[in-house]
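*Asks:* Mind having a look at this structure? Questions to follow.
What follows is calculated from the coordinates using simple rules that are stated; it is not laboratory data. Computed from a predicted structure; not experimentally measured. Cβ atoms come from the backbone with ideal geometry, glycine included; neighbour counts cover every protein chain shown.
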Amino acid sequence: LDGLGKEITKLAEAEAVMAAATRMLGEHLQVGVCAYADMDDDGDHFTIRGDWAAPDSNSVVGRYSLAAFGDAAVKALNAGSAFVVNDSVKQLPPHVSAAFSGIGVAATVCAPLVKEGQLTALMAVHNKTPRVWSEQDIALLCEVAERCWVHIERVRAEAELRESERRYRTLFDAIDEGFCII
């Protein structure tokens, strides 16, 4: 977490923060894929905007339906709880297990970001083979996700402030030199 903090505090763009976080977390946990996604307004679909994939794994970037990953995932994530699967074939109904195997995932932990009662984002680690996730693995993913989202909010607020200042300067420079405030 200290190394992650040092790495991401240097970054000024949300995409760069998530790229560094997924790489560092994926490498640390020795998983196949570490990804982040934003939920769509419909509350079901989500878009994985970026991920880190180990050399022997494939990227999972794309748009998906949360419902395809089962009622248990929908319920846990919407409640703000991590969704943990150690072995999708043994733990999940066949149609749900098929959704996971379709993207090369046999085991996963997914951490949600719930704001104002709405599921807004996800961060997950995936393994191509079954894996028993430790409490430390789960806690680390949840902590990394939370830290990233806090940092991203700060980065976005700073970008908005810079844009606002740029617009103010443009307006101020455009005002006739004779204008003054008393």
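*Asks:* For the chain, what is the mean residue ellipticity at 222 nm derived from helices alone (per DSSP H run of n ≥ 4: -39500 (n - 2.57); sum divided by total residues; nearest 500 deg cm²/dmol)?
*Replies:* After summing the helix terms and dividing by residue count, I get -14500 deg cm²/dmol.
*Asks:* How much net charge surrounds R23 when only the other residues with a Cβ under 13 Å from the Cβ of R23 are counted, with Lys and Arg +1 and Asp and Glu -1?
*Replies:* Local net charge: -4.
*Asks:* Pairing the Cα long axis of helix 14-29 with the longest principal axis of the chain, what angle in degrees results, from 0 to 90 and rounded to the nearest 10?
*Replies:* Compared with the principal axis, the helix lies near 30 degrees.
*Asks:* Follow-up. Would you kindly calculate the translational diffusion coefficient of the chain, applying Stokes-Einstein with the Kirkwood radius from alpha carbon pairs, for 37 °C and a viscosity of 0.692 mPa s, and quote it in µm² s⁻¹ without decimals?
*Replies:* 185 µm²/s
*Asks:* In Å, the Kirkwood hydrodynamic radius of region 70-131 over pairs of distinct alpha carbons?
*Replies:* This gives a value of 11.8 Å.
*Asks:* In whole Å, what is the distance between the alpha-carbon centres of region 128-143 and region 62-125?
*Replies:* Cα centres, region 128-143 to region 62-125: 14 Å.
*Asks:* How would you classify region 98-137 from its alpha-carbon gyration tensor, with a ≥ b ≥ c the square roots of the eigenvalues: rounded for a/c under 1.5, else prolate if a/b is greater than b/c, otherwise oblate?
*Replies:* oblate
*Asks:* Would you kindly state the longest site-free stretch of the chain, with sites defined as GluC sites (Glu not before Pro) in a DSSP loop (not H, G, I, E, B) surrounded by at most 11 other Cβ atoms within 10 Å?
*Replies:* Longest run free of exposed loop sites: 1-115.
*Asks:* Let me ask another. If the limit is 28 Å between Cα atoms, which of K10/K115; K6/K90; K75/K128 go over it?
*Replies:* Beyond 28 Å: K6/K90.
*Asks:* Dividing the convex hull volume of the Cα atoms of region 1-80 by its residue count, what figure in Å³ per residue is obtained?
*Replies:* 119 Å³
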